[in-house]
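So the structure is just underneath, and the comments pick up after that.
What follows draws every value from the coordinates through simple rules; no lab data is involved. If you're wondering where the values come from, they're calculated on a predicted model, not measured in any experiment. Heads up, the Cβs are rebuilt from the backbone with ideal geometry, glycines too, and the neighbour counts pull from every protein chain shown.
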Amino acid sequence: MLADRVRTGAYERALRQTLKPGMVVMEIGTGPGAVAVLACKLGASRVYAVESSPVIQVAREIAAANHCADKITFFEDLSEKIRIPSKADVIIADLHGALPLFERHVPTIADARKRFLAPGGTLIGLEDRIWVAIVEALEQYAKIVEPWERNMFGLDMGPARRMSLNGIHNMRPVPEQLLTNPRLWATLDYATLENPDVQGELNWTVSRDGTGHGIALWFDADLAEGVSFSTAPGSTPTVFGTMFLPWLDPVPLEAGQTVRVDLQAKLLERDYFWRWTTRIGLPGRPAEVATQFDQSELQGAMLSPEKLRKSNSNFIPQLSEEGLLRRRTLDLMDGRASLEEIARRLTIEFPGRFARWQQALTYAGAISTENSR
């Protein structure tokens, strides 16, 4: 991401334009810390750099190498779980995937805006707009289906083909691949946005004859006044690419034919769940449906009946041996015992699992990393 000059250059310009000497800056998702260090170089009095992954250690070392360590406070956690000593005049965050509807990006920004942004403060970025078009994607579609249609064993792999076509994929289309004009599906205004879910119906008239393989989604990002970048087909490629939601089958399309898609993205815990329902009108008779697809990531999920049974509301759970071990480990983490003491106790209580206390120490250390403070 740092090597992506389109993305990184836009965030640099936005920060230079927004930051005034003496301001407090917060960066969510600091990664290796380059933007946090740049904020110091531009005159920030204090930078709060938030990163939940181990790369934060690299950020600390880069800050020290650039003589900024005394101005940057690092938080190795999710931003929703921290507090900062003072409000930030500027909050900068790039938590996008192929789209800004990625993991907990929207709730994270909404939370940071309410808890961390000083009155009159500025968010970088300001707004994202998501665009959608019908795309002709022969090569990308072939990559999805050919392993199942032309397998070396001559087997019917239809179930796997259907699952693959009910998933989300990434591609880099060019403008010539679009069979319709783009339609604006969503505008994410981060100054007011609360709801992470997006749903809307899109209607197109096909622009030229071709074969439709699905829909392509991309975004335009406004970071500051006059500072933006785009992942649209034809723009300079970025690290993000373009999201591709394929249809169950390629569809020959004629100019003037109508296509309607009901598109939904719903945040469930830490990931988005996508559903796309497509209705294609008959040539010359748009009121009559020639082809219809009802697709979702649920239909593409590898669901085990045994695991579904255990998540049913009527299921009465009982801890397995692994569950008992995990619960006992957490119980022993009461703020009084060291990890070695916990490991030696686990070795005594679970001799079938741990032959030596050092093995229990590795296990307890992993639990501690996830759950202790």
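For a 28 Å ceiling on Cα separation, which of these pairs sit above it: K71/K266; K41/K87; K71/K114; K266/K307? Intermediate values should be presented prior to the final figure.
Details: K71/K266 39 Å; K41/K87 20 Å; K71/K114 24 Å; K266/K307 22 Å.
Those over the limit are K71/K266.
Running a GNM on the chain with Cα contacts under 10 Å, which residue among E349, E12, E254 ends up with the highest mean-square fluctuation? Maximum among the listed residues: E349.
Annotation: amide H of G212 within the under-5 Å range of V251, L253, sequence separation 5 or more or interchain, hydrogens built in the peptide plane. Close amide H contacts of A118 (hydrogens built in the peptide plane, cut-off under 5 Å, sequence separation of 5 or more or a different chain): A88, D89.
Per-residue 3J(HN,Hα) values for the stretch 12-26, derived from phi via the Karplus relation 6.51 cos²θ - 1.76 cosθ + 1.60 with θ = phi - 60°, read 5, 5, 5, 5, 4, 6, 8, 7, 10, x, x, 6, 9, 10, 10 Hz in sequence order (x marks Gly and Pro). Exposure proxy shown here: for I62, I134, the number of other Cβ atoms within 10 Å sets the order, fewest to most, as I62, I134. Net charge dipole, the chain: roughly 880 debye, given to the nearest 20, about the Cα centre with Cβ charges of +1 for Lys and Arg and -1 for Asp and Glu.
The stretch 187-222 and the stretch 97-144 have Cα centres lying 12 Å from one another.
With both bridge residues required to lie in the chain, what share of the DSSP beta bridges run antiparallel, to the nearest 5%?
On the way: 56 of 73 bridges.
Of the beta bridges lying entirely in the chain, close to 75 percent run antiparallel.
Among the trypsin sites (Lys or Arg not before Pro) found in the stretch 37-130, those both in a DSSP coil and sparsely packed, with 15 or fewer other Cβ atoms within 10 Å of their Cβ, are R83, K87.
Evaluating 6.51 cos²θ - 1.76 cosθ + 1.60 at θ = phi - 60° for every residue in the stretch 181-192, the Karplus couplings come out as 6, x, 10, 6, 9, 8, 10, 9, 8, 6, 6, 10 Hz, glycine and proline recorded as x. Each residue of the stretch 42-53 was assigned a 3J(HN,Hα) from its phi angle through the Karplus curve 6.51 cos²θ - 1.76 cosθ + 1.60 (θ = phi - 60°); the sequence is 8, x, 4, 7, 7, 10, 9, 10, 10, 7, 8, 8 Hz, with glycine and proline shown as x.
For the stretch 5-94, compute the orientation-averaged projected area of the C-alpha convex hull (one quarter of its surface), in nm². Kindly include the intermediate steps, with their values, before the conclusion.
On the way: hull surface 21.2 nm².
Computing the convex hull of the Cα atoms and averaging its projections yields 5.3 nm².
At q = 0.19, 0.28, 0.32 Å⁻¹, what log₁₀ I(q)/I(0) does the stretch 321-371 have when each alpha carbon counts as one equal point scatterer in the Debye sum? Each listed q maps to, in turn, -0.51, -1.15, -1.47.
For the stretch 114-197, the dipole from Cβ point charges (+1 on Lys and Arg, -1 on Asp and Glu) about the Cα centre works out to 180 debye, to the nearest 20.
How large is the charge dipole for the stretch 257-373, taken about the Cα centre, if only the Cβ atoms of Lys, Arg (+1) and Asp, Glu (-1) carry charge, to the nearest 20 debye? Don't skip to the answer; put the middle values down first.
Details: 18 positive and 15 negative charges, 8 e Å.
That gives a dipole near 40 debye.
(i) 0.99; (ii) 1.35; (iii) 1.20: which one is Cα Rg over 2.2 N^0.38 Å as calculated from this entry? Matching entry in (i) 0.99; (ii) 1.35; (iii) 1.20: (iii).
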